[in-house]
Amino acid sequence: MLAIDGNKAGEVGDGIDLMPAAARVLGEITAMVTSDIEHIEAIWRSLQAGNIESPGQNFDFIRLWIEDRGIKRDDQRYLVGCVDGAPVALMALHRKRVYGVPVFTWFPGANVGCYAPLAKYDVLADLGPVGRSLLWQVMLARLEGADVVYLRSMPTELGGHPGLLDELGQTLTVETLYRSEYSSWEECDQLQRSKSRRKHDRQQGDRLNAMGEVTFEVINNGGDTDCAIEIMFKQRSARFKAMGIRDAFLRQRLVGFYHAMAKPDSGVDIRLHVLRLNGDIVAVRYNVVHGNRLFCLISSMSDDAEIQHGSPGKQCLLRVMQTVFDEGYRTFDMGSGFTDEKRHWCNVQTPLRQHYVGLTPRGTLIVSAHQAFQKTRARIKANRQLKTVVRGVQQAMDKVLGNKAGHEH
């Protein structure tokens, strides 16, 4: 057993250690583990040089997340799987307690649309089911200190290869990822907009234009991002309040993280799409760029009833679609969860699965319980009446807990 930087085999620390597999499948499979993100930066950046499936695979995105959240080094795990010593897969995991249970999971949770191990997908395809199964087993065998590995929202297809993650634990399909993939605006327009749809978009645009001067701009890192981001979160908060939904961004204190990403030296390439009416911001879309892919993380629009008659959110998205594909982007990722805008614009739908691995006997039982919970949750989300009832219970609990907190204070 080889250990680097003097770490004992199996010990997690500043260094990296290796564990050879007991068999060879197209080469010797080994795994490396460290709790120091800087130690695997070069490997990570090499693997992410091609297209990624999610901002959650971006080194600088995760580095900023860890700094912003103040995550302790002991709760960070970085697994690297190698074939004949060459890195082919990487997983960045956060050890956290969920209802008292120690779990390894992705760092940003639900803040990006999907996740996946960063990998050389062609190599994973060549390994075949047996080789991939061995790779995942060898990598996960390096984990200690938790009961469960919970890998949420992973696509069933990566890099044009279906089934590359089939062997990674137990799976449960729960969501769908929506993307627009076109070679140009002309192709998008022809495929996605009927004559009646174009007429409808034009009528909405006319109503907004009748209110004053409408302008659209794109803001990059280092530009005048602060104002747009602050207004975006205010608009989101107003929208959540109107819908009776808790504002997760404010509850988790995430506004500062999105400001940090927009800084000139953040390492994360962002684009803010901003629609203004008479100089005032009425809609915003916050995107992360990687290569020819654009990932939308948050969108917002004005809650002013009069302005909403002009559908500023839809008008902003229309201008985005009219420009991004002609600028060289080929994929516009709108995340998971069905909405009207995704129905209108997205021509690619990919199932997302939760992946579970029980690391201990208790973990195996927890996996079964959580899968049952996820199935129940999916049924509730698909049933409008049940969804309304559950939301009402959540609102009542929020009021009770809020009042209790006030009395305790």
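Would it be correct to say that Gly205 is in a loop (DSSP other than H, G, I, E, B), in contact (Cβ under 8 Å) with a residue 24 or more places away in the chain and of a type outside the set (Lys, Arg)?
no
Keeping to region 149-173, report how many residues are open to solvent by 40 Å² or more (accessible area, probe 1.4 Å) and assigned to a strand (DSSP E or B).
Counting residues in region 149-173 that are open to solvent by 40 Å² or more (accessible area, probe 1.4 Å) and assigned to a strand (DSSP E or B) gives 7.
Report every pair of residues separated by at least 6 positions or lying on different chains whose Cβ atoms are under 6 Å apart, first residue within region 67-94 and assigned by the TED database to the domain that holds Leu118, second open to solvent by 60 Å² or more (accessible area, probe 1.4 Å) and at pLDDT below 95.
As it stands, the answer is Asp84/Glu28, since those pairs meet every condition given.
Please count how many residues of region 279-313 are among the small types (Gly, Ala, Ser) and within 17 Å of Asp206 (Cα to Cα). Show your work before the answer.
Taking region 279-313 and keeping what is among the small types (Gly, Ala, Ser), we get 279, 283, 291, 299-300, 302, 305, 310-311, 313.
Retained after the next criterion (residues that are within 17 Å of Asp206 (Cα to Cα)): 283, 305, 310-311, 313.
The qualifying residues number 5.
Out of (1) open to solvent by 50 Å² or more (accessible area, probe 1.4 Å); (2) farther than 27 Å from Leu118 by Cα, what's the single condition that is false for Gln349?
Unmet condition: (2).
Just need a number here: residues in region 241-269 that are part of a helix (DSSP H, G or I) and either crowded, with 16+ Cβ neighbours inside 10 Å or among the aliphatic types (A, V, I, L, M) (or both).
11
Can you tell me which residue within region 123-148, out of those that are touching a Gly at 6+ places or on another chain (Cβ under 7 Å) and not in a loop (DSSP other than H, G, I, E, B), is farthest from Ser336 (Cα to Cα)?
This residue is Val138.
Conditions (1) in a helix (DSSP H, G or I); (2) closer than 24 Å to Ser153 by Cα; (3) in contact with a Cys (Cβ under 9 Å, 6 or more places away or on another chain), marked per residue:
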{"position": "Ile29", "(1), (2), (3)": "no, no, yes"}
{"position": "Val33", "(1), (2), (3)": "no, yes, no"}
{"position": "Glu38", "(1), (2), (3)": "yes, no, no"}
{"position": "Ser46", "(1), (2), (3)": "yes, yes, no"}
{"position": "Gly50", "(1), (2), (3)": "no, yes, no"}
{"position": "Gly56", "(1), (2), (3)": "yes, yes, yes"}
{"position": "Asp60", "(1), (2), (3)": "yes, yes, no"}
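Residues Thr105, Thr171: which one is of a type in the set (Val, Ile, Thr) and at pLDDT 95 or above?
None of the other options fit; the residue is Thr105.
The values are calculated or read from the model by the stated rules, or taken from the named source; none is laboratory data. Just so you know, these numbers come straight off a predicted model, no measurement behind them. Here the Cβ is made from the backbone with ideal geometry for all residues, glycine too, and neighbour counts use every protein chain on show. Calculation scope for accessible area: heavy atoms of the full protein, side chains included, ligands and nucleic acids excluded. Shrake-Rupley method; radii C 1.70, N 1.55, O 1.52, S 1.80 Å.
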